[in-house]
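No value in this document is a laboratory result; all are computed from the given coordinates. Here the structure is a predicted model, which means the values were calculated and not measured. Positions of Cβ are generated from backbone atoms using ideal geometry, with glycine treated the same way; all protein chains shown enter the neighbour counts.
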Amino acid sequence: MFIVSLTYICAIDEIEKYLSEHIDYLNHQYSAGKFLVSGRKNPRVGGVILAIAESREELDNILSEDPFKIHNLANYEVTEFIPTKTASRLAFLLA
């Protein structure tokens, strides 16, 4: 499992230009079962994604399709972790 932290490296108006494409990208990854949760940082300086991938290489390929990545609008920091404990309603994450 991976935590992806995006930090915008451009003005918000540039982000807004590609936001609908980014949302389509997110929707596709949710449908593919790769993303579990995502959202904006507060203040709005980037976003966070909780992702499932078989490897860092697979995740890098997935992230390379993000319009924010394609148009060099954000930096991506990726942290891999192995979940070992969850609230009962999130127990499926331990599989």
ask   = Looking at region 63-72, which of the residues that are buried (at least 20 other Cβ atoms within 10 Å of the Cβ) and not aromatic (F, W, Y) is nearest to A11 (Cα to Cα)?
value = D66
query = Which of the residues belonging to region 5-14 are β-branched (V, I, T) and assigned to a helix (DSSP H, G or I)?
reply = I12
message = Being farther than 21 Å from F92 by Cβ and part of a strand (DSSP E or B) is the filter here; which residues of region 15-42 pass it?
response = R40
ask   = Do we have any residue at all in region 61-69 that's touching a residue at least 60 places away in the same chain (Cβ under 8 Å) and touching a Pro at 6+ places or on another chain (Cβ under 8 Å)?
value = no
remark   = Screening E58, E16, E54 for residues that are among the charged types (D, E, K, R), without any contact (Cβ under 8 Å) to a residue 24 or more places away in the chain and surrounded by 14 or more Cβ atoms within 10 Å (Cβ to Cβ) leaves only E58
ask   = Can you tell me which residues in region 43-95 are among the aromatic types (F, W, Y) and assigned to a loop (DSSP other than H, G, I, E, B)?
value = F81
ask   = What's the number of the condition N75 fails, among (1) surrounded by 10 or more Cβ atoms within 10 Å (Cβ to Cβ); (2) over 13 Å from S5 (Cβ atoms)?
value = (2)
